[in-house]
Amino acid sequence: MLLRVNKATTAKFSLRKRPTSEKMVDVGFKNIVVAMASMVAVVLFSIFAVVYYESTESISRYGLRFLFSSAWNPVTDEYGAFTAIYGTLFTSIASLLIAIPLGVGTAIFITENIIPESIRNVIGIMVELLAAIPSVVLGLWAVFIMEPFIRPFLNIIYELFGFIPFFSTQPLGAGMMPAILILVVMILPIITSISKDSLKQVPSKLRQAAYGIGASRWTTIFKVIIPAAISGITGGVLLALGRAMGETMAVTMIIGNSNNFNWSIFAPSYTISSMLANQFGEADGSQVSSLMYAALILMILTLLVNVFAQWIVKKLSLKYQ
Amino acid sequence: MNYTSKKSLTYNPSLSRNIGNNSLTIISALFAIISVLPLILVISYVLIKGGSYINLDTLILEPEPPGDDLLSAGGIGPAIIGTFIMTVIASIISIPVGVGGGIYLAEYSKSGKFAKFIRFGSNVLAGIPSIIAGVFIYAIIVSTKILFGSMFSGIAGGISLSILMLPTIIKTTDEALKLVPNDMRRAAFGVGASKFTMITNITLPAAFSSISTGVLLALARAAGETAPLVFTALFSRYYITSFDDIFYEMGSLSVLIYNFALEPYEAQNQLAWAASFILVVVLLSLNILSRWISTIAVFSKK
């Protein structure tokens, strides 16, 4: 009986070889998507290759001296990127130091059960929408609204602590401090949203166990929740650092663009990216090569930070799944 | 020694641990308020200040050269068109390549060495500062005049924006396709579909809404970018009149804001605020649209 049924079905549905056209479409499609995926590698390598190639003239001419000299004189053809490198590192790290407590604190506030969930969601969405505002608009806001507003406060700091080298010049408008503050605004959403995601992934069992043995809310947060989510938070912080180092427009508009090195955070300064934005359009000859050298340094810095971020997320990533 | 008295079991706000807890809660609430404050301030300034300069003339006219006319700076019409054109050029390049790359990662090589390398590479590419994309395009397209002898051009600007969109699109396509259950793939193979048919008729449609979320977010980011355009597309005050004009300098909203914000003239500054209004409204709507699409996705992360 069973055999007969089988026979009937095989008779009805005969085996069909795939037509060659179908096979060719399959193989062709695979080759196309492989080629498209390879585009990422091609673009990445050519960015490095092109920037390196364009900067070889400056690299062979100045070598590492370029990193420690703050000369930038197209007339005498002397270039050095110390001010820009210092500005890049100082602004990004200072903004990170301000943004970490704010961002992680906000992330904790909107993942803990403190206020109703609907309000927490609204705060979360608002912080994420902040990331959608283009940096040039933040720059415009910083130039016309934020900087005039904070200048009196900076002046008070200058008058009280002017003897400290970091506060030793009078704030007169564009400078490093407003740039740091606008960078805080830009990297806050990154730190907040990534910290929020990793805090949310911590299993509720851990929290319940901590509460069960009598830990208070904040003991639980500091001793259990944050350590469990530390990989994601660190990854987010490092991504934010990379973003802060490469951020161009808002910083260019508010940092004052001066290549004179100054310890004071109220004085105009430079970052690598603002130097590129400012000078690339009109540069020629060995200045282009020097700018490319600076771009190469910026790329290597952000690359190191990003690779380290990916590595640390893998290394410390959650064991609770 | 009365530890079991009823009093020790009731909440006592003056205990040091409760004071510490409550003050930390208040501090975290303060941090949340400080974090939200910039968004509210920026948005309200842009909407109120920028919105007040919006009228038909600002939307249509061409911008005047700074200092020419102290009362009126013209309009932002060409910049709106320019931003639109360059975003379209960037999409034409990056959407097919990004979706194709994502298909390869998710459907053909889930954990192969090459796929791992490409995933790593697209993360690295996503972290590269946007101005570097501009420098790169300047070096290979603008300074070599490789595109029919044109130097600064709208098409160069579009290409540099596509570099910024690519990693986001690859990543979201990859993740969206991974969320499609394997049962659907097996069912498609079971009824005799080829892999090409399976991908185009089953998994891509199933992941469509998640992919479009990523594409919209990438678009929104590209439309607001300035740094890669400053020395690839440069700026132009004129409307494009023919197709050939994409091979010449092209204005954009973001570069207009950058250029005119730093002018010493009031009229130009007002134009920069008006342009910010348009840009912010468009980008926020794109973001909210993408959030709405992600809520109707068939297979989502939850």
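Can you tell me which residue in region A:199-215 is nearest to the other protein chains (Cβ to nearest Cβ), limited to those that are crowded, with 17+ Cβ neighbours inside 10 Å and more than 12 Å from A:Gly103 (Cβ to Cβ)? By that ranking, first place goes to A:Ala215. Taken over region B:19-49, residues that are touching a residue at least 60 places away in the same chain (Cβ under 8 Å) and over 22 Å from A:Glu128 (Cβ atoms) amount to 1.
Does B:Met165 qualify as being closer than 30 Å to B:Ser242 by Cα and assigned to a loop (DSSP other than H, G, I, E, B)? Here the answer is no, as B:Met165 does not meet what is asked.
Of the residues making up region B:107-144, those that are more than 8 Å from chain A (Cβ to nearest Cβ), in a helix (DSSP H, G or I) and β-branched (Val, Ile, Thr) number 3. Among the numbered conditions (1) part of a helix (DSSP H, G or I); (2) farther than 28 Å from B:Val142 by Cα, the only one that B:Ser160 does not meet is (2).
One residue stands out in region A:108-121 among those that are among the aliphatic types (A, V, I, L, M) and within 9 Å of chain B (Cβ to nearest Cβ): the one that is surrounded by the fewest Cβ atoms within 10 Å (Cβ to Cβ), namely A:Ile115. Only a single criterion out of (1) closer than 27 Å to A:Asn155 by Cβ; (2) surrounded by fewer than 24 Cβ atoms within 10 Å (Cβ to Cβ) is not satisfied by A:Met249, namely (2). In region A:57-78, the condition of being in a helix (DSSP H, G or I), within 27 Å of the chain's Cα centre (by Cα) and within 14 Å of chain B (Cβ to nearest Cβ) is met by no residue. Where helices (runs of 4 or more DSSP H) sit wholly within region B:1-106, those with at least 3 residues that are within 10 Å of chain A (Cβ to nearest Cβ), within 30 Å of B:Glu263 (Cα to Cα) and at pLDDT 90 or above occupy B:16-45.
Of the residues making up region B:94-116, those that are surrounded by fewer than 20 Cβ atoms within 10 Å (Cβ to Cβ) and of a type in the set (Ser, Thr, Tyr) are B:Tyr108, B:Ser109, B:Ser111.
Results for (1) outside any helix (DSSP H, G or I); (2) touching a strand residue (DSSP E or B) at 6+ places or on another chain (Cβ under 9 Å); (3) within 19 Å of B:Arg221 (Cβ to Cβ), shown as yes or no for each residue.
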position: A:Ala229; (1), (2), (3): no, no, no
position: A:Ile233; (1), (2), (3): no, no, no
position: A:Gly236; (1), (2), (3): no, no, yes
position: A:Ala240; (1), (2), (3): no, no, yes
position: A:Phe261; (1), (2), (3): yes, yes, no
position: A:Ser264; (1), (2), (3): yes, no, no
position: A:Ser273; (1), (2), (3): no, no, yes
position: A:Asn278; (1), (2), (3): no, no, no
position: A:Gly281; (1), (2), (3): no, no, no
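Here A:Ala132 does not fit the description of being touching a Gly at 6+ places or on another chain (Cβ under 7 Å), within 12 Å of another protein chain (Cβ to nearest Cβ) and either part of a loop (DSSP other than H, G, I, E, B) or not small (Gly, Ala, Ser) (or both). So is B:Gly74 touching a Phe, Trp or Tyr at 6+ places or on another chain (Cβ under 6 Å), farther than 30 Å from B:Thr173 by Cβ and buried (at least 20 other Cβ atoms within 10 Å of the Cβ) or not? So B:Gly74 does not fit the description; no.
Restricting attention to region B:249-302 and to residues that are more than 8 Å from every other protein chain (Cβ to nearest Cβ) and among the hydroxyl-bearing types (Ser, Thr, Tyr), the residue that is farthest from B:Leu216 (Cα to Cα) turns out to be B:Tyr265.
Among the residues making up region B:171-181, those that are of a type in the set (Val, Ile, Thr) and either within 11 Å of another protein chain (Cβ to nearest Cβ) or assigned to a helix (DSSP H, G or I) (or both) are B:Thr172, B:Thr173. No other residue among A:Val127, A:Val143 is assigned to a helix (DSSP H, G or I) and surrounded by fewer than 23 Cβ atoms within 10 Å (Cβ to Cβ) apart from A:Val143. Could you tell me whether region A:29-50 includes any residue that is surrounded by 21 or more Cβ atoms within 10 Å (Cβ to Cβ), in contact (Cβ under 8 Å) with a residue 24 or more places away in the chain and farther than 27 Å from A:Thr234 by Cα? The answer is yes, given that some residue of region A:29-50 is surrounded by 21 or more Cβ atoms within 10 Å (Cβ to Cβ), in contact (Cβ under 8 Å) with a residue 24 or more places away in the chain and farther than 27 Å from A:Thr234 by Cα. Filtered by the rule that a residue be of a type in the set (Phe, Trp, Tyr), part of a helix (DSSP H, G or I) and surrounded by 14 or more Cβ atoms within 10 Å (Cβ to Cβ), region B:231-252 gives a lone residue, B:Phe247. Considering only region B:256-273, I want to know if a residue exists there that is under 22 Å from A:Asn121 (Cα atoms) and either part of a loop (DSSP other than H, G, I, E, B) or in contact (Cβ under 8 Å) with a residue 24 or more places away in the chain (or both). No, every residue in region B:256-273 fails to be under 22 Å from A:Asn121 (Cα atoms) and either part of a loop (DSSP other than H, G, I, E, B) or in contact (Cβ under 8 Å) with a residue 24 or more places away in the chain (or both). Of all the listed residues (B:Met165, B:Met198, B:Met184), the sole one being surrounded by fewer than 21 Cβ atoms within 10 Å (Cβ to Cβ) and within 14 Å of chain A (Cβ to nearest Cβ) is B:Met198.
The values are calculated or read from the model by the stated rules, or taken from the named source; none is laboratory data. Computed from a predicted structure; not experimentally measured. Counting neighbours? That spans all protein chains shown, and the Cβs are built from the backbone with ideal geometry, glycine included.
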